[in-house]
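Quick notes on the structure that follows.
The values are calculated or read from the model by the stated rules, or taken from the named source; none is laboratory data. Quick caveat, the model's predicted, so the values are computed rather than measured. Note that each Cβ is placed from the backbone with ideal geometry, even for glycine, and that neighbours are counted across all protein chains shown.
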Amino acid sequence: SWRSLSKPMVQIDTGMTPSTWATDANNNIYELKGDDFTLVPGKLSHVTSGAAGVWGVTSASHIYYRDMVTNTWKRIVGGLKQIDSGPKGIVCGVSSIDEVFCRTGITDATPEGSAWIKLDGSLKYISCGEFGHWGVNKHNQVFFRE
């Protein structure tokens, strides 16, 4: 059955790792530790956690990658309104005009990757999985891509 945790959140994400991250209505960032959310420095409107790491975007579409060694946010070039950290090496997101981008060059040596490549299509939301990407467009139609 569902159980409620202590703080109200507007967005939460976990995937392919035990790590769970969330944001509240004031764009505060939280990491779930045990049964409690711990405040993490910074402000994000959307946060995502997956095998490709912890990523987030601000309300101004700035992109950040969480360096888990230094426990700091690293600004990444580009602009996205929503982002998803999927399986190892796979991070995709959508821009304010619903363009779809995926990160390239993600390796153990460069976990933040090296560049964004634009994919075809137009989505307002994307989710990356081991077997493909799911997306929703502005008409609320669902799409799948392997």
Checked region 82-113 for anything under 15 Å from residue 55 (Cβ atoms), assigned to a loop (DSSP other than H, G, I, E, B) and of a type outside the set (S, T, N, Q); matches are 86, 87, 88, 89, 90, 105, 106, 111, 112, 113
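For region 52-71, name all the residues that are among the hydroxyl-bearing types (Ser, Thr, Tyr) and on the phi > 0 side of the Ramachandran plot.
Of region 52-71, the ones among the hydroxyl-bearing types (Ser, Thr, Tyr) are 58-59, 61, 64-65, 70.
Selection gives 61 alone.
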Reported set for region 10-19 where residues are at pLDDT 95 or above and either among the polar types (S, T, N, Q) or more than 19 Å from residue 61 (Cα to Cα) (or both) is 11
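So, in region 10-27, exactly how many residues are of a type in the set (A, V, I, L, M) and closer than 13 Å to residue 38 by Cβ? Before the answer, list the steps.
Start the filter on region 10-27 by keeping residues that are of a type in the set (A, V, I, L, M), which leaves 10, 12, 16, 22, 25.
With closer than 13 Å to residue 38 by Cβ added as a condition, the list becomes 22.
So the answer is 1.
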Given the criteria among the small types (Gly, Ala, Ser), in contact with a Lys or Arg (Cβ under 7 Å, 6 or more places away or on another chain), over 25 Å from residue 38 (Cβ atoms) and modelled with pLDDT under 95, does residue 113 qualify?
no
Picking from 73, 116, the residue that is touching a residue at least 24 places away in the same chain (Cβ under 8 Å), in a strand (DSSP E or B), over 30 Å from residue 139 (Cβ atoms) and of a type in the set (A, V, I, L, M, F, W, C) would be 73
Restricting attention to region 47-70, the residues that are not in a strand (DSSP E or B) and not β-branched (Val, Ile, Thr) number exactly 7
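Just to verify a result, which residue in region 67-89, among those that are among the hydrophobic types (A, V, I, L, M, F, W, C) and either surrounded by 20 or more Cβ atoms within 10 Å (Cβ to Cβ) or at pLDDT 95 or above (or both), is farthest from the chain's Cα centre (by Cα)? So that I can check it myself, show each step before the final result.
Keep residues of region 67-89 that are among the hydrophobic types (A, V, I, L, M, F, W, C), which gives 68-69, 73, 76-77, 80, 83.
From what is left, the residues that are either surrounded by 20 or more Cβ atoms within 10 Å (Cβ to Cβ) or at pLDDT 95 or above (or both) are 73, 76-77, 80, 83.
Details: 73: 13, 76: 13, 77: 15, 80: 10, 83: 4 Å.
Checked region 67-89; the qualifying residue farthest from the chain's Cα centre (by Cα) is 77.
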